[in-house]
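For reference, the structure is listed below as structure tokens.
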Amino acid sequence: QVQLVESGGGLVQAGGSLRLSCVAFGSISRLDDMYWYRQAPGKQRELVATITLVRATNYADSVKGRFTVSRDDTANTVYLQMNSLKPEDTAIYYCHGDAVGLGGGSFVNLWGQGTQVTVSS
């Protein structure tokens, strides 16, 4: 069994920064392409950032230039550095992706439980 666990959310003033972490726990050899999503109250879940296995990145237009996604494959961890936060960034942030097991099997469509980010004006 593999679990994704996010952390690092919290309450911050507009203009502040937070760094989210997503750690994969379980018998895995590596993570595949990984994604950060967010869901604000009353809104659909939206894709915020992507980082591929070869570290190619992509961002939603709303966060370009402010958010940076990275990964540490030695620690099976993905990060989301969020700077210049705005009240409209308030949401629950989720990490999502697939993993390869130590035995070569795949764990697909993994989701974390989410971490709340609240940005006050």
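The values are calculated or read from the model by the stated rules, or taken from the named source; none is laboratory data. Nothing here was measured: the structure is a model prediction, and the numbers come from that model. Because the Cβ atoms are built from the backbone with ideal geometry, glycine has one as well, and the counts that use them run over all protein chains shown. Note: accessible area is taken over every heavy atom of the protein model, side chains too, but ligands, DNA and RNA are not part of it. Shrake-Rupley method; radii C 1.70, N 1.55, O 1.52, S 1.80 Å.
Q3 to E88: extension gain in nm, 0.36 nm per residue of separation minus the Cα-Cα distance?
27.8 nm
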| note | Rounded to the nearest 5, the percent of DSSP beta bridges in the chain running antiparallel is 90 percent
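In percent, how large is the relative contact order of the chain, given Cα pairs closer than 8 Å and 6 or more residues apart?
36 percent.
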| query | So for the pair S70, Q13, with labels modelled 7 Å out along Cα→Cβ, what separation do we get in nm? | reply | 2.6 nm
| Using alpha-carbon positions, what is the distance between the centroids of the stretch 1-59 and the stretch 78-97, in Å? | 7 Å
| request: Could you tell me what percent of the accessible area of the chain is made up of carbon and sulfur, with a 1.4 Å probe and every protein chain present? | output: 48 percent
| remark: Pseudo-spin-label distance S27 to S62, built 7 Å along Cα→Cβ, given in nm, is 4.0 nm
| query | What number comes out for the charge environment of N109, summing +1 per Lys or Arg and -1 per Asp or Glu over other residues with Cβ under 14 Å away? | reply | -2
| To the nearest 20 debye, what is the magnitude of the charge dipole of the chain about its Cα centre, counting +1 on the Cβ of each Lys and Arg and -1 on the Cβ of each Asp and Glu? | 220 debye
